[in-house]
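The values are calculated or read from the model by the stated rules, or taken from the named source; none is laboratory data. These numbers come from a predicted model, not from an experiment. All Cβ positions, even for glycine, are placed from backbone atoms using ideal geometry, and neighbour counts span all protein chains on display. These accessible areas exclude ligands, DNA and RNA; they are computed on the full protein's heavy atoms, side chains included. Shrake-Rupley method; radii C 1.70, N 1.55, O 1.52, S 1.80 Å.
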Amino acid sequence: MSERISIDNILPLVKKPGRYIGGELHCAAKTWEEAEVRFAFVFPDLYEIGMSHQGLQILYHIVNSRKEILAERSFVPDIDMESELRQNGLPLFSLESRTPLRCFDAIGITLPYELSYTNILTVLDLAGIPFRGAGRSGDFPLVIGGGSCGLNPEPVADFFDAIVLGDGEEVILEIAEVVRAAKRHGLSRPQVLSGLAAIEGVYVPSFFAPQYSGSEFTGVIPLKKGYTAVRRRVLPRLPGPEETASPLVPIVKPVHDRLGVEIARGCTRGCRFCQAGIIYRPVRERPVEDILAIADRGIRSSGFHEMALLSLSSGDFSCLPELMMRLMDRYADQYVSVSMPSMRVGTLTPEIMNQIRRVRKTGFTVAPEAGTDRLREVINKGITEEDLLATCRNAFAMGWNLIKFYFMIGLPTETWEDVEAIVELARKARETAGPAAKRVQINVSVGTFVPKPHTAFQWERQLTLEEAKERINKLKVLLPRRGFKLKWHDPYQSVLEGVFSRGDRRLSSLVEQAWRNGVRLDGWSEHYRLENWQQAADQCGIDLNSYLREKDQDKPLPWDHLDPGVDREFLARERQNALAGNYTPDCRTEGCQKCGLCDFTTISPVVNKKTRGVEADRQPGTAPERKMTEQGKAVKYRAHYSRTGDTRFFSHLEVLQLIFRVLARAGLKVIYSQGFNPTPQVSFSSALPVGMESEAEYFDFELAEPLADTVDAITDLNRELPGGMKIFALQPFRRSNAEATISSYTVRLHKPLTSLQKEGIDNFLAACSLLIQRVRKNKIREVDIRPLVRELRAEGETVAFDLISYHGRSGVSPREILQQVVGLEEDEALLARIKKTRAVDFPAST
């Protein structure tokens with residue numbers, strides 16, 4: 001039986017405690033005992049980032065679809081939560097069952113980007129697992145990696161027992177089978193690692209030994225007979241709708257809060273800087289009918305109001321006009337918008353824009369990457385300045401006022417002319433709006449080029465920090481302030497990305513030293529400091545700049561034993577084509593370009609047949625009616641509900657989003673507001689502070705027609721609410737003329753009141769006033785809280801009081817009463833279990 005960790009005395013003390021409680025819609029509800037193999041899937045960053053990762057969700061649902069296997073999730077705790085865990089001697093745990101990670105058979109850690117590497121050590125240390133695979137006995141879980149950084153995991157390879165290269169849908173089940181067999185037959189850890197190495201696409205780092213001559217990497221020696229290289233695993237076709245599950249629906253808002261639908265995997269455009277275009281080849285498109293089925297179940301079961309069509313280049317999807325038209329015909333009247341995060345210039349056509357804007361104008365980013373046609377030819381972008389300007393002209397003509405551009409600085413052969421052309425191109429784009437240009441905004445985002453393994457540019461140099469800063473400062477000076485906004489990826493972070501991107505195993509000592517020096521959460525700018533890494537590098541005797549220099553094309557690279565399926569000769573040939581400005585066509589439309597990946601038996605491009613005669617310009621190509629009924633005929637209802645248990649850790653904004661989705665899943669046709677960004681006509685009771693329970697909350701919503709049966713509606717809504725939230729009354733409601741509310745609270749303390757605290761309560765009740773100071777916008781203001789307290793009773797470990805709040809005026813919170821009147825310290829007030837038991841509206845005159 002699993003050991004459940006208690007964190008009740010920690011959660012009230014940390015920010016965003018909802019990150020750590022689990023309970024999301026569609027999360028696994030398996031019992032520990034029914035599974036033979038147990039995985040903990042860990043994303044090495046905060047919850048908000050990890051819950052936006054499509055790969056984690058895919059593997060989570062695949063594993064949990066099998067009765068004999070269990071998967072639970074964990075994320076890196078924020079600084080405050082890490083500190084609380086350490087102070088209380090508690091291990092890192094899974095969200096679903098709060099089981100220590102140490103108890104699982106295997107811990108799967110995603111490798112999404114280079115700046116997450118120290119977070120891996122935070123996870124292992126909090127789990128009580130030795131950092132390096134060589135130091136783990138058979139009693140410890142297997143530590144398995146995978147993800148986009150898995151094609152050069154060498155800087156962190158020593159921390160892993162095995163790493164999956166490529167698509168994981170099939171591999172994860174094969175790994176589970178190896179683990180299950182090992183448990184049944186009592187196999188040793190070396191035997192288990194040999195079993196993993198026999199799986200196509202699984203890399204066991206301990207079976208390879210890197211070699212060095214002084215400070216120079218000289219190659220890798222295989223240590224296991226017949227295991228000389230590891231080839232990336234390629235899924236021949238994307239799973240059908242019957243193999244996909246309903247999405248996890250987070251309560252704490254992730255960075256991408258929407259339904260993600262993968263419409264294709266892989267891209268064959270051949271941009272020479274793009275690692276994803278190599279390591280996700282070949283292109284595999286989903287059939288339109290499969291996408292519609294996945295979208296149907298996803299929207300119906302989640303309540304999301306935005307759907308993102310995911311692909312490396314969504315605009316290249318063969319049947320995009322048909323798909324967009326059918327999606328919008330189906331979802332426009334449900335106010336579900338469709339976005340495409342990765343649109344290529346030239347594929348964002350007027351017919352596609354016409355469909356996107358039917359609900360709301362979701363923003364879009366176009367990526368010229370370079371400022372001149374010459375440099376775009378070097379990188380094989382395949383678009384011209386006129387293509388970009390035509391896209392902008394169409395967007396502005398159809399009502400968009402904001403377009404985001406993405407550029408890179410430091411691309412091979414870049415000159416100052418190319419840098420300055422970024423500004424000129426942005427100016428020209430804004431001018432395509434014609435007379436409306438005054439209302440148009442162009443956001444220019446700039447990142448430093450980082451050479452990536454397995455690309456044509458893997459041998460190129462990266463800009464030094466000083467060079468990158470010089471280019472960014474030039475753009476700051478040249479880009480006009482009015483109508484333009486410049487954003488840039490921190491060049492200090494790009495230095496470290498470049499070091500780890502092409503690093504070798506010696507960097508594991510750097511990662512460990514930086515972690516021991518206190519480095520955490522480098523992906524967040526408020527935590528990242530390059531000087532911390534420079535100090536750690538000095539301690540390890542490592543020259544960071546040596547990893548940014550140009551590589552000799554004839555010498556071995558640290559990742560040569562990891563085969564993406566694309567030949568090294570092809571990459572070298574593409575490098576020469578770049579310098580010559582030669583264009584390499586897209587193999588999905590122009591025939592095989594002989595990269596070496598496809599065998600055209602099991603692996604080959606999967607491309608839908610283009611549809612003909614799609615009536616993309618036909619109606620309905622407009623927005624849905626913003627009002628579902630004439631003004632004055634809407635029916636307003638008030639739902640009374642309670643929030644207890646872990647739901648007390650939801651913030652007010654999280655509850656708002658949760659209720660919106662619950663109403664959608666329950667099938668209630670809520671009226672939407674008018675305007676460019678329609679929202680449900682729902683209003684809520686005053687915000688309940690995070691950590692407090694309540695039996696007296698409510699929300700109001702408007703329907704076009706009266707409910708047939710409120711009892712059935714309550715049942716439908718409660719079925720969609722998380723455990724700990726329950727609607728107990730629902731009735732038609734007219735606008736209240738109440739000017740104040742009196743709310744009753746009960747408080748359970750962690751220890752009995754002292755005589756001094758009881759005396760303080762008596763003095764407060766006898767007083768006519770008690771002024772407290774509040775600071776807002778650097779101004780100190782005094783508030784008299786005595787008239788706001790009707791009753792105050794205390795006995796043993798229990799305090800009860802009634803508070804008056806006047807609508808539109810500043811009030812007093814229960815925790816302020818506990819601190820200012822009862823005399824609790826801040827942490828004691830946070831840990832007190834506070835529950836609102838009643839709330840009654842009344843005219844102010846009473």
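So which of TYR583, TYR547 is in contact with a helix residue (DSSP H, G or I) (Cβ under 7 Å, 6 or more places away or on another chain) and open to solvent by less than 40 Å² (accessible area, probe 1.4 Å)?
On the way: TYR583 fails: open to solvent by less than 40 Å² (accessible area, probe 1.4 Å).
Criteria check complete, one pass: TYR547.
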Subset of the stretch 368-420 that is open to solvent by 60 Å² or more (accessible area, probe 1.4 Å) and among the hydrophobic types (A, V, I, L, M, F, W, C) - its residue that is nearest to ARG471 (Cα to Cα): TRP416
When every residue in the stretch 812-838 that is farther than 20 Å from GLU695 by Cα and outside any helix (DSSP H, G or I) is compared, the one nearest to the chain's Cα centre (by Cα) is GLU825
Taking the stretch 704-726 and keeping only residues that are open to solvent by 60 Å² or more (accessible area, probe 1.4 Å), out of contact with any strand residue (DSSP E or B) (no Cβ under 8 Å at 6 or more places or on another chain) and of a type in the set (Asp, Glu), one is left with ASP709, ASP712
Pair list, Cβ < 8 Å and 6+ apart or interchain, from the stretch 172-186 residues that are under 14 Å from ALA35 (Cα atoms) to residues that are surrounded by 18 or more Cβ atoms within 10 Å (Cβ to Cβ) and acidic (Asp, Glu): VAL179/ASP105; LYS183/ASP105
Can you tell me which residues in the stretch 288-306 are surrounded by fewer than 18 Cβ atoms within 10 Å (Cβ to Cβ) and closer than 24 Å to ILE671 by Cα? ASP296, ARG297, ARG300, SER301
Would it be correct to say that ILE79 is more than 30 Å from LEU312 (Cα to Cα), open to solvent by 10 Å² or more (accessible area, probe 1.4 Å) and out of contact with any helix residue (DSSP H, G or I) (no Cβ under 7 Å at 6 or more places or on another chain)? yes
Among the residues of the stretch 672-695, how many are surrounded by fewer than 20 Cβ atoms within 10 Å (Cβ to Cβ), out of contact with any helix residue (DSSP H, G or I) (no Cβ under 7 Å at 6 or more places or on another chain) and assigned to a strand (DSSP E or B)? 2
Of (1) outside any helix (DSSP H, G or I); (2) surrounded by fewer than 24 Cβ atoms within 10 Å (Cβ to Cβ); (3) hydrophobic (A, V, I, L, M, F, W, C), LEU173 satisfies every one except (1)
Scope the stretch 307-336; condition in contact with a Pro (Cβ under 6 Å, 6 or more places away or on another chain) and open to solvent by 30 Å² or more (accessible area, probe 1.4 Å); matching residues: ASP333
Counted residues in the stretch 15-32 being open to solvent by less than 10 Å² (accessible area, probe 1.4 Å) and among the hydrophobic types (A, V, I, L, M, F, W, C) come to 0
So, in the stretch 755-802, of the ones that are among the β-branched types (Val, Ile, Thr) and in contact (Cβ under 8 Å) with a residue 40 or more places away in the chain, which residue ends up farthest from VAL821 (Cα to Cα)? THR798
Looking across the stretch 727-784 at residues that are touching a Pro at 6+ places or on another chain (Cβ under 9 Å) and not in a loop (DSSP other than H, G, I, E, B), the single one that is surrounded by the fewest Cβ atoms within 10 Å (Cβ to Cβ) is PRO732
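Scanning for something farther than 23 Å from VAL171 by Cα, open to solvent by 10 Å² or more (accessible area, probe 1.4 Å) and part of a loop (DSSP other than H, G, I, E, B), does the stretch 33-47 turn up at least one residue?
Checked against the condition, which is being farther than 23 Å from VAL171 by Cα, open to solvent by 10 Å² or more (accessible area, probe 1.4 Å) and part of a loop (DSSP other than H, G, I, E, B), the stretch 33-47 yields no hits at all.
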For the stretch 487-542, what are the residues that are among the small types (Gly, Ala, Ser) and either crowded, with 22+ Cβ neighbours inside 10 Å or touching an Asp or Glu at 6+ places or on another chain (Cβ under 8 Å) (or both)? SER494, GLY498, SER501, GLY503, SER508, ALA514, GLY523, SER525, ALA536, ALA537
Please work out which one of (1) part of a helix (DSSP H, G or I); (2) modelled with pLDDT of 95 or more is the condition ARG272 fails and give its number. (1)
Per the list (1) in a helix (DSSP H, G or I); (2) within 30 Å of PHE570 (Cβ to Cβ); (3) modelled with pLDDT of 95 or more, residue check on PHE457 breaks on (1)
Could you tell me whether VAL359 is in contact (Cβ under 8 Å) with a residue 60 or more places away in the chain and either among the aliphatic types (A, V, I, L, M) or in a helix (DSSP H, G or I) (or both)? yes
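Any residue at all in the stretch 189-196 that is in a strand (DSSP E or B), open to solvent by 10 Å² or more (accessible area, probe 1.4 Å) and either among the hydrophobic types (A, V, I, L, M, F, W, C) or out of contact with any Leu (no Cβ under 9 Å at 6 or more places or on another chain) (or both)?
Here is the first cut: in the stretch 189-196, the ones in a strand (DSSP E or B) are none.
For the stretch 189-196, residues in a strand (DSSP E or B), open to solvent by 10 Å² or more (accessible area, probe 1.4 Å) and either among the hydrophobic types (A, V, I, L, M, F, W, C) or out of contact with any Leu (no Cβ under 9 Å at 6 or more places or on another chain) (or both): absent.
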Test each condition in (1) buried (at least 23 other Cβ atoms within 10 Å of the Cβ); (2) touching a Ser or Thr at 6+ places or on another chain (Cβ under 6 Å) for ARG344 and report the one that comes out false. (1)
So for the stretch 665-678 (the condition being closer than 24 Å to THR837 by Cα, of a type in the set (Phe, Trp, Tyr) and in contact with a Ser or Thr (Cβ under 9 Å, 6 or more places away or on another chain)), does at least one residue qualify? no
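Answer with yes or no whether VAL655 is open to solvent by less than 30 Å² (accessible area, probe 1.4 Å), modelled with pLDDT of 95 or more, over 30 Å from THR268 (Cβ atoms) and in contact with a Leu (Cβ under 7 Å, 6 or more places away or on another chain). Before you say what the answer is, go through the steps one by one.
Values: open to solvent by less than 30 Å² (accessible area, probe 1.4 Å): yes; modelled with pLDDT of 95 or more: yes; over 30 Å from THR268 (Cβ atoms): yes; in contact with a Leu (Cβ under 7 Å, 6 or more places away or on another chain): no.
Against the criterion (open to solvent by less than 30 Å² (accessible area, probe 1.4 Å), modelled with pLDDT of 95 or more, over 30 Å from THR268 (Cβ atoms) and in contact with a Leu (Cβ under 7 Å, 6 or more places away or on another chain)), VAL655 does not qualify.
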Within the stretch 203-240, considering residues that are touching a helix residue (DSSP H, G or I) at 6+ places or on another chain (Cβ under 7 Å) and without any contact (Cβ under 8 Å) to a residue 60 or more places away in the chain, the one farthest from LEU557 (Cα to Cα): GLY240
Across the stretch 378-418, what is the number of residues that are assigned to a helix (DSSP H, G or I), closer than 23 Å to LEU548 by Cβ and touching a Gly at 6+ places or on another chain (Cβ under 7 Å)? 2
Hey, GLY483 hits all of (1) over 21 Å from TYR212 (Cα atoms); (2) at pLDDT 95 or above; (3) touching a strand residue (DSSP E or B) at 6+ places or on another chain (Cβ under 8 Å) but one; which does it fall short on? (2)
Quick one: count up the residues across the stretch 797-839 that are closer than 12 Å to GLN757 by Cβ and exposed (fewer than 15 other Cβ atoms within 10 Å of the Cβ). 2
Does ARG66 satisfy the criteria of being basic (Lys, Arg), open to solvent by less than 40 Å² (accessible area, probe 1.4 Å), part of a loop (DSSP other than H, G, I, E, B) and under 24 Å from LEU25 (Cα atoms)? no
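Report whether or not SER525 is among the polar types (S, T, N, Q) and assigned to a loop (DSSP other than H, G, I, E, B). Before the answer, list the steps.
On the way: among the polar types (S, T, N, Q): yes; assigned to a loop (DSSP other than H, G, I, E, B): yes.
So SER525 passes the test.
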